Every structure is written in structure tokens, then in C-alpha cells.
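Below is one structure, written out as C-alpha cells; comments come after it.
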Amino acid sequence: MLQGAKDNTAELTALANEAEAELKAARAEAQARIAETKAATQKECDAKLAAAKSKVDGEVNTAIAQLEAEKASVMSNMDSQVTAMSDEILKRILPEGVKA
């Protein structure tokens, strides 16, 4: 009877070792899948971030170009207004017949 109990213990130990090995393999496979999914997700996020950054950079560059064009237009308009105001001031201050 004691002999039968020893045989059963060896079988249980073997089953426990086998179960532990299967769990270890399953954990390793799960970790590999998680790492693979994480890498794929990171790659997708990086691509989306790069696309968004490129879009924003383009919009910023367009806005800067528009502001520069508007600035040039305003400066040009201001130059002509300054000249007109200077002429008007000189016309009012200087006596008639005197040219500046």
C-alpha cells in the first residue's frame, strides 16, 4: 500500500512540473504578444504623431507667410500715408509759394 502512495506522488509531481512548464510557456507567449502589440501600437502612434506634426507645421508656415505678406502690405500702405501726411503738414505750415 505504501508503495502505491509513492508512485502516486511521483505522478503528481510530474503533472505539477508539466503544468508549471505549460504555464511558463503560456506566460512567455503572452508577454511576447503583449510586446508585439505594444510595438505595433507605438509605431502607429508615432506615425499619427508625425502626420499631425507635419500638418500643424504646414499650417503654422502658411500662417506665418500670410502674416509676413500682410505686414509688407501694411508697411507699404503706411509709407504712402506718411508721405501724404508729411506733404499735408508742410503745406499747412510753410507759407504759400514755398516748396519743401
Rounded if a/c is under 1.5, else prolate if a/b beats b/c, else oblate: with a ≥ b ≥ c from the C-alpha gyration tensor eigenvalues square-rooted, which is the chain? prolate
All aspartates and glutamates inside 17 Å of Lys38 as judged from Cα atoms, apart from same-chain residues fewer than 8 positions distant: Glu29, Asp46
As I understand it, the dipole of the chain uses +1 on the Cβ of Lys and Arg and -1 on the Cβ of Asp and Glu, about the Cα centre. Which of Gln31, Leu94, Asn77 lies farthest toward its positive end? Leu94
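So, counting K/R as plus one and D/E as minus one, what does the shell of residues with Cβ under 14 Å around Ala50 add up to?
Neighbour charge sum, excluding Ala50 itself: +1.
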Qualifying aspartates and glutamates (Cα of each under 19 Å from Cα of Lys99; at least 8 residues distant if same chain): Asp87, Glu88
Which angle between 0 and 90 degrees, to the nearest 10, do you get for helix 2-93 versus the longest principal axis of the chain when only C-alpha atoms count? 0
Quick one: length gained pulling Glu11 to Met78 fully straight, 0.36 nm per residue minus the C-alpha distance? 14.3 nm
Give the cross-link partners of Lys43 among the lysines, using a straight C-alpha distance below 29 Å as the criterion and excluding same-chain residues fewer than 8 apart. Lys24, Lys53, Lys55
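Place a +1 charge on the Cβ of each Lys and Arg in the chain and a -1 charge on the Cβ of each Asp and Glu, then give the dipole magnitude about the Cα centre in debye, rounded to the nearest 20.
Taking the Cα centre of the chain as origin, the dipole is about 300 debye.
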For the chain, run through the GluC sites (Glu not before Pro) and keep only the ones in DSSP coil with at most 14 other Cβ atoms within 10 Å of their Cβ. Glu96
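FYI, it's all coordinate maths here, none of it is from the lab. Because the structure is a prediction, the values reported are computed rather than measured. Neighbour counts run over all protein chains shown; Cβ positions are idealised from the backbone, glycine included.
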